[in-house]
Amino acid sequence: MMTGNEACADGALAAGLTFFAGYPITPSSEIAEVLAERLPRRGGVFLQMEDEIAAMGAIIGASLAGRKTMTATSGPGFSLKQENIGFACMAEIPCVVVNVQRGGPSTGLPTMPAQGDVMQARWGTHGDHPAIVLAPNSVAETYDLTVRAFNLSEACRTPVILLLDEIIAHVTEKVALPPRIDVVTRAGPDAPPDRFLPYRHTPDGVPPMAAYGVDGYRFHVTGLAHDETGFPTNDPREIDALNRRLAAKIDRRAAEITDVVRESLDDAEVVVFAYGCVSRAARQAVREARAEGIAAGLLRPRTLWPFPEAAVRAAGARAKAVVVPEMNLGQMAHEVEWALRGACPVVPFARVDGLAIRPSQILAEIRAAA
Amino acid sequence: MSGYDDWLRLDKLPHIWCPGCGDGIVLKAILRAVGRMGWTPGQVCMVSGIGCSSRTPGYVDVNTLHTTHGRALTFATGVKMARPDLQVIVVTGDGDATAIGGNHFIHAARRNIDLTVILYNNWIYGMTGGQASPATPAGRRASTAPFGMIEPSFDIAALAAAAGATFVARETVAKPFVLDKLIERALRKKGFSLVEAMTPCPTAFGRRNHQADAVEMVEYLRIHSTSKERAATLPEEERREAITTGVFVDIDRPEFCGEYAKLVERLREPVTA
């Protein structure tokens, strides 16, 4: 038995976390508390930094020194971290950022659930950049997706965001930990120190990475637009190539990264698109609708970004409507609408009062759409 | 490696600093000091924030990290805690370290983590075009203080000392060889060390304050600086005007990497009945 926050800490340790830096914020604090207890016992580093920005900076520095790193926060703290998340995108620093969403805007609702950071997770920092964002809907899945967040981060050399919500973070559930997990570690340098290019344009878009001070490698890292050597450049061709490679390294893997769970979709006339805690209510509503004879189905993305566009289009192709219940005013509903391109109507259902969406509310929307 | 040019990325020169800028003098003092430490380039990591001073690492052939504005100390803390064997030097400016980065500055000093901070104080935001910084002296002009700075300025060395730094010194680029000896002492100190290097900015500061001549600005720093010992004998008014130099703090106190290592060691001890 454990909570989502505990499962996140456990999954991170299983995936190879040896460095955590954070700043206390509800409802994410238990992740830091568990790791404060467990990391030093394993010889890892736990740091409570002076603020959210510092915590993000520290994990980037530690990752460059060869560690697997993570921080955990909630809405307001996630906002503060955004500039350094952009740095991690630009400088291609693997790290995991957990955001246990709470109600917003601003201080909002520290102890009540929400899903208002879906777009912040995609576009919170400035400029065009890739984003990988995972959203589990149970404690067990939080463990699995935390491991996956580390693996994707290391494989793609990019920050990965694990988007929890207050309900998943604090619910206590039975979890059977997997007997073994696959652990991915970033590719090491592919050339001797004197010929090593830290930002080489490799065919798969991911440059092999050295660690500061290891085996004689030393290199320059900057958030400025840079060439393959890592030094700043003002050459429009180099800048263009960098920005396009950063996007392409995730785009080309989109099908492999994208992860959706389909339930009763084969003949579904009403599709419910739901993620995180809301998807649990949605599943119940779909089952109840089926019992009433309505052909309802559930499409549940576990990766919000890259957005599962193909899966949405396939599910919506023969549907009368796609219902999108979420605990914000329709952030994902817009994305679903864009993916469907008019194939069928989208029915957003929003709840932004700090209370969980109930199965009966989703069922009512399904009935109305059927 | 002992000659300062051994540590330079010569292919990155010439540098981007303006004519008359003092940052190159500080860089040279840092490299002379580093050259005497007996380190290899792979053992050294140089971290900076944003601004003129923070372009320094680009010219130094070690592990270098040019971070976000004001946040150099946070990245450096991560590097140092991940690899305590690396010698981590932080290069920053008055605006970078004490305005946007002020909180990190005092907390790194409080934590007493083994970092050496070389803070280039030129009284201005140079790279962004001459706006007022927390170090701009009262009455002096900046592009965002066109009628003269009305806020009092930080005494940066005193700030570091009050926050808990175990080595704090200040010198001007008018005395570059004194500066490099202070930097060497800071590098040798196990703990949070700060060397505040007073450096002229004729382009962004001097131009607005009738001091656009680089030589005059260095001469100004020389004339207006005085050792803290001599300053103590000056009348109050003169002392306030003076740029005091020398070593303000040189104490020993538990260092953070070491304290963390002790914690890990303690937790690994077998529990005995």
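The values are calculated or read from the model by the stated rules, or taken from the named source; none is laboratory data. It should be emphasised that the depicted structure is a prediction, and the values quoted were computed from it without experimental measurement. Positions of Cβ are generated from backbone atoms using ideal geometry, with glycine treated the same way; all protein chains shown enter the neighbour counts.
Observations, loosely collected:
- Residue match in region A:134-146 (condition: in a strand (DSSP E or B) and either more than 14 Å from chain B (Cβ to nearest Cβ) or of a type outside the set (Asp, Glu) (or both)): yes
- Region B:69-118: number of residues that are within 17 Å of A:LEU80 (Cβ to Cβ), surrounded by fewer than 24 Cβ atoms within 10 Å (Cβ to Cβ) and within 7 Å of chain A (Cβ to nearest Cβ): 2
- Those residues of region A:146-165 which are basic (Lys, Arg) and closer than 15 Å to A:GLY188 by Cα, in sequence order: A:ARG157
- A:PRO208 fulfils the conditions (1) crowded, with 17+ Cβ neighbours inside 10 Å; (2) within 25 Å of the chain's Cα centre (by Cα); (3) closer than 22 Å to A:THR69 by Cα except for a single criterion, (1).
- Filter pass, B:PRO137 being within 22 Å of B:GLY246 (Cα to Cα), part of a loop (DSSP other than H, G, I, E, B) and over 16 Å from the mean Cα position of the chain (by Cα): yes
- Selection within region A:83-120 - free of Cβ contacts under 8 Å to residues at least 60 places away in the same chain, surrounded by fewer than 23 Cβ atoms within 10 Å (Cβ to Cβ) and closer than 27 Å to A:LEU242 by Cα: A:GLU83, A:GLN120
- Residue in region A:235-281 that is nearest to the chain's Cα centre (by Cα), counting only those that are of a type in the set (Val, Ile, Thr) and part of a strand (DSSP E or B): A:VAL260
- Scanning region A:211-223 for residues being facing another protein chain (nearest Cβ under 7 Å), in a loop (DSSP other than H, G, I, E, B) and either within 28 Å of the chain's Cα centre (by Cα) or more than 19 Å from B:VAL47 (Cβ to Cβ) (or both) gives a total of 3.
- Pairing each residue of region B:37-56 that is over 30 Å from B:ASN103 (Cβ atoms) with any residue that is buried (at least 24 other Cβ atoms within 10 Å of the Cβ), provided the two are 6+ apart or on different chains, yields C-beta distances under 7 Å for B:PRO41/B:VAL62; B:GLY42/A:GLY213.
- Taking the numbered list (1) out of contact with any helix residue (DSSP H, G or I) (no Cβ under 6 Å at 6 or more places or on another chain); (2) surrounded by fewer than 19 Cβ atoms within 10 Å (Cβ to Cβ); (3) over 20 Å from A:LEU152 (Cα atoms) in turn, A:ALA254 passes all entries but (3).
- Selection status of B:THR233, of a type in the set (S, T, N, Q) and either modelled with pLDDT of 95 or more or assigned to a helix (DSSP H, G or I) (or both): no
- Residues of region A:53-71 classified as surrounded by fewer than 24 Cβ atoms within 10 Å (Cβ to Cβ) and either assigned to a helix (DSSP H, G or I) or charged (D, E, K, R) (or both), total: 0
- Qualifying residues in region A:41-51 (those that are out of contact with any strand residue (DSSP E or B) (no Cβ under 6 Å at 6 or more places or on another chain) and either more than 7 Å from chain B (Cβ to nearest Cβ) or buried (at least 24 other Cβ atoms within 10 Å of the Cβ) (or both)) - the one nearest to B:PHE256 (Cα to Cα): A:GLN48
- Of the residues making up region A:159-174, at least one is acidic (Asp, Glu), outside any loop (DSSP other than H, G, I, E, B) and buried (at least 20 other Cβ atoms within 10 Å of the Cβ).
- Residues within region B:148-167 that are in contact with a strand residue (DSSP E or B) (Cβ under 9 Å, 6 or more places away or on another chain), assigned to a helix (DSSP H, G or I) and surrounded by fewer than 18 Cβ atoms within 10 Å (Cβ to Cβ), tallied: 1
- Taking (1) surrounded by fewer than 21 Cβ atoms within 10 Å (Cβ to Cβ); (2) at pLDDT below 95 in turn, A:LEU80 satisfies each apart from (2).
- Unmet criterion (only one of (1) closer than 25 Å to A:GLY188 by Cα; (2) touching a His at 6+ places or on another chain (Cβ under 7 Å)) for A:MET70: (2)
- For B:GLY49: the one exception among (1) more than 8 Å from chain A (Cβ to nearest Cβ); (2) surrounded by 17 or more Cβ atoms within 10 Å (Cβ to Cβ); (3) over 19 Å from B:ILE113 (Cβ atoms); (4) of a type outside the set (A, V, I, L, M, F, W, C): (3)
- Selected residue (criterion: farthest from the chain's Cα centre (by Cα)) from residues of region A:89-127 that are farther than 23 Å from A:ALA12 by Cα and assigned to a strand (DSSP E or B): A:LEU109
- The set of residues from region B:59-96 being under 15 Å from the mean Cα position of the chain (by Cα), within 15 Å of B:THR116 (Cβ to Cβ) and part of a helix (DSSP H, G or I) comprises B:ALA72, B:LEU73, B:ALA76.
- Verdict on A:GLU33 being closer than 23 Å to B:TYR260 by Cβ, surrounded by fewer than 24 Cβ atoms within 10 Å (Cβ to Cβ) and away from chain B (no Cβ under 14 Å): yes
- Residue that is touching a residue at least 24 places away in the same chain (Cβ under 8 Å) and surrounded by fewer than 20 Cβ atoms within 10 Å (Cβ to Cβ), where the choices are A:VAL221, A:VAL214: A:VAL214
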